[in-house]
Amino acid sequence: MELSREAQMVDDLKRYFADKIIKAEIVRARRVNVEVKAGAHRDIIKFLKNRYDIRHIVTITGVDLGKDIELIYHLSPDNRQWLLNIRTKVPKDNPKIETIIDILPGAIFYEREVNDLLGVIFEGHEMPKHFILPDDWPEGEYPLRKDWKPKEGVPSARV
Amino acid sequence: MGIIKWSRLKSPWILYMCTGACNACDIEVIAALTPRFDVERFGILLKGSPRHADVLVVTGAVSRHVAPRLKRIYEQMPHPKFVIAAGTCACSGGVYWGCYNVLGGIDKVIPVDIYIPGCPVRPEAVIDGVVKLLMKLKGG
Amino acid sequence: MPVYKLPIGPQHPAIKEAFHFTFDLDGEVVVDVKPRLGNVHRGIEKGMEFRTWVQGIFLVERICGICNTPHTTCYVLTVEELYGVEAPPRAQYIRTIINELNRIHSHLLWVGVLGMEIGFWSYFMYIWRDRERVMDVVELITGNRVTTSAMLIGGVAYDITPEMEGPIRRAMDYLEERTKFYKKVFETDPTIRARTQDVGVLPTSVAIDLCAVGPTARGSDVKSDVRVDEPYCAYGEVPFNLVTYPTCDVWARAMVRIDQF
């Protein structure tokens, strides 16, 4: 039986990166989720770019999970046949991860945004101070972290 | 009334600034200049520099980054000058209550003469607001 | 020759939003540009944490007022997938119609503003006068001109009744006539061609590397349209053309939008 492109990709990932992948599965049509160990995302993204033409990055999502920050790289091949989500975690007290802008130049803005709003440091990406926050924003305050509250107090959802 | 006041009433020149808005009010204010609504029949012209303008039309909930620039533009306009706040966000912050980085209403930065509510503001309401400003000037 | 730095700041007569660029000019050629973003950053993502699911629809709509329907459609489809519900077929079709009306008005706006920025004020005034017909149709269906709040979780808020069919068809026929005229002007007018052809060239390989999407990518000959790649609402059942242009300049990007009418 001929495997679909997505199934072939999942097979290849499990075969070549068996020690680095925690989970890889096809969730529904056009959605593939892969969970990788810390530090493994660069090799996997480079492999996928060369082998499967996955060069389009949709965005990078950062999720504050309490003790860790999870980064999800949303990638798609050139013919946009499916959407691939690569998840990896960094600890919140030392949020450093290697950059991918040499592999996928389109990720520059997304890494800067995650750095500005969540405080994740991308090693190898020299970025100027603030991307979208104003110049007089205090140091060390990352608005999208769940424990950050605005100074004026938290409004309740008025119904 | 003197000739200066008469000429100011017959042809107020406006300067338009967007301070962190979603752009719906912006396109409705620009639509007020287009042939269907045609605010130019009141002698209103859209000018490029704050030094040439009498009236400043501002839209948008003021974000922290743009607030000092708004103040600088206001200070660059020569006296007498008037400010119209177009849209609910410019009047009071609008739908962005509770969002950090939004100061909420331009009257926290500069004094305002006319408030035009609406989300987005209708072009007919913009014309109404401008006419009310002219009546206010005429009255004294 | 020394490079001249030109700041185009938050207030400028040609711009409708508050962006901030510093252009490095060598004569009339732009050599480099430094953007400073953040004027429009309002903290919406954090603001959604304090709101209920339904209040979120109205906040998401105001991310951008010109293209408000794609933002609400995306939000509503995501919430529906999380809940595991699907909107009924009639609602999907009405969502498609409202999205397409939004596309038409947005492209007309863009082409008109392009005319305004190169100084062609009559083109701008003509196009925006005709754009009012689209706003009339949207007002007929939903009651508001721009931010319509027509999407709800699980369906739509407004119905299209048989009485609305006549005015909608008349407006579309009129617009089809007028857009043929605007396309002819754009293709043949020598000033527009001199100002937009071979200006702002984005080569195909750079567009793919930097992950361009939408008309920007299609103007550089990249075949990608989310309505074809991942059909949502009723787009899987409605035929339409995928338009690309090979010349990769400003003219190509404008022609993609005009052809998409």
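Quick rundown of the values:
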item	result
Count of residues meeting criterion [acidic (Asp, Glu) and in a loop (DSSP other than H, G, I, E, B)] in the range A:23-69	1
Residue among C:Thr142, C:Thr148, C:Thr161 that is among the hydroxyl-bearing types (Ser, Thr, Tyr), more than 16 Å from B:Asn23 (Cβ to Cβ) and open to solvent by less than 30 Å² (accessible area, probe 1.4 Å)	C:Thr142
Residue within the range A:111-126 that is more than 8 Å from chain C (Cβ to nearest Cβ), among the β-branched types (Val, Ile, Thr) and assigned to a loop (DSSP other than H, G, I, E, B) present	yes
All positions within the range A:115-135 that are open to solvent by less than 30 Å² (accessible area, probe 1.4 Å) and either polar (S, T, N, Q) or over 16 Å from the mean Cα position of the chain (by Cα) (or both)	A:Phe131, A:Ile132, A:Leu133, A:Pro134
Matching option when the condition is in a helix (DSSP H, G or I) and out of contact with any helix residue (DSSP H, G or I) (no Cβ under 8 Å at 6 or more places or on another chain), among B:Pro68, B:Pro111	B:Pro68
Any pair with Cβ under 7 angstrom, 6 or more apart, that starts in the range C:119-130 at a residue that is touching a residue at least 40 places away in the same chain (Cβ under 8 Å) and ends at one that is hydroxyl-bearing (Ser, Thr, Tyr)	C:Ile127/C:Tyr182
Yes/no for A:His130 being without any contact (Cβ under 8 Å) to a residue 24 or more places away in the chain and in contact with a helix residue (DSSP H, G or I) (Cβ under 7 Å, 6 or more places away or on another chain)	yes
Tally of residues being farther than 23 Å from C:Val206 by Cα and of a type in the set (Lys, Arg) across the range A:104-131	1
The lone exception for C:Gly56 - which of (1) without any contact (Cβ under 8 Å) to a residue 12 or more places away in the chain; (2) more than 9 Å from chain B (Cβ to nearest Cβ); (3) in contact with a Phe, Trp or Tyr (Cβ under 8 Å, 6 or more places away or on another chain) it fails	(1)
Selected residue (criterion: farthest from the chain's Cα centre (by Cα)) from residues of the range C:219-261 that are in a helix (DSSP H, G or I) and free of Cβ contacts under 8 Å to residues at least 12 places away in the same chain	C:Glu237
Number of positions in the range B:76-108 that are open to solvent by 50 Å² or more (accessible area, probe 1.4 Å), farther than 21 Å from C:Glu61 by Cα and part of a helix (DSSP H, G or I)	3
Residue within the range B:50-70 that is at positive phi, more than 11 Å from the chain's Cα centre (by Cα) and more than 8 Å from chain C (Cβ to nearest Cβ) present	no
Any hit, the range A:91-99, residues being more than 13 Å from the chain's Cα centre (by Cα) and either of a type in the set (Lys, Arg) or within 14 Å of chain C (Cβ to nearest Cβ) (or both)	yes
Hey, A:Pro138 open to solvent by 10 Å² or more (accessible area, probe 1.4 Å) and in contact with a helix residue (DSSP H, G or I) (Cβ under 9 Å, 6 or more places away or on another chain) or not	no
Selected residue (only one of C:Val156, C:Val199, C:Val206 is within 14 Å of chain A (Cβ to nearest Cβ), over 19 Å from the mean Cα position of the chain (by Cα) and open to solvent by less than 80 Å² (accessible area, probe 1.4 Å))	C:Val206
Residue ID - farthest from A:Lys49 (Cα to Cα), chosen from residues in the range C:191-218 that are in contact (Cβ under 8 Å) with a residue 24 or more places away in the chain and hydrophobic (A, V, I, L, M, F, W, C)	C:Ile192
Residue match in the range A:137-157 (condition: within 14 Å of chain C (Cβ to nearest Cβ) and closer than 28 Å to C:Thr204 by Cα)	no
Qualifying residue in the range C:68-89 (condition: in contact with an Asp or Glu (Cβ under 7 Å, 6 or more places away or on another chain), modelled with pLDDT under 90, over 21 Å from B:Asp26 (Cβ atoms) and away from chain B (no Cβ under 12 Å))	yes
Filtered residues of the range C:1-33 (kept if part of a strand (DSSP E or B), under 25 Å from A:Leu133 (Cα atoms) and open to solvent by 40 Å² or more (accessible area, probe 1.4 Å))	C:Lys5, C:Leu6, C:Pro7, C:Phe21, C:Thr22, C:Phe23, C:Asp32, C:Val33
Residue satisfying condition, being under 14 Å from the mean Cα position of the chain (by Cα), at the interface with chain C (Cβ under 10 Å from one of its Cβ atoms) and free of Cβ contacts under 8 Å to residues at least 24 places away in the same chain, within set B:Ile73, B:Ile30	B:Ile30
Selection count where residues are surrounded by fewer than 15 Cβ atoms within 10 Å (Cβ to Cβ) and either under 13 Å from the mean Cα position of the chain (by Cα) or under 24 Å from A:Lys146 (Cα atoms) (or both), scope the range A:18-58	3
Residue among C:Arg36, C:Arg62 that alone is basic (Lys, Arg), open to solvent by 30 Å² or more (accessible area, probe 1.4 Å) and modelled with pLDDT of 85 or more	C:Arg36
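The values are calculated or read from the model by the stated rules, or taken from the named source; none is laboratory data. Everything numeric here is computed off the predicted structure, so don't read it as measured data. Cβ sites come from the backbone with ideal geometry, for glycine too, and all protein chains shown count toward neighbours. Protein only, heavy atoms only, side chains kept; ligands, DNA and RNA dropped before computing areas. Shrake-Rupley method; radii C 1.70, N 1.55, O 1.52, S 1.80 Å.
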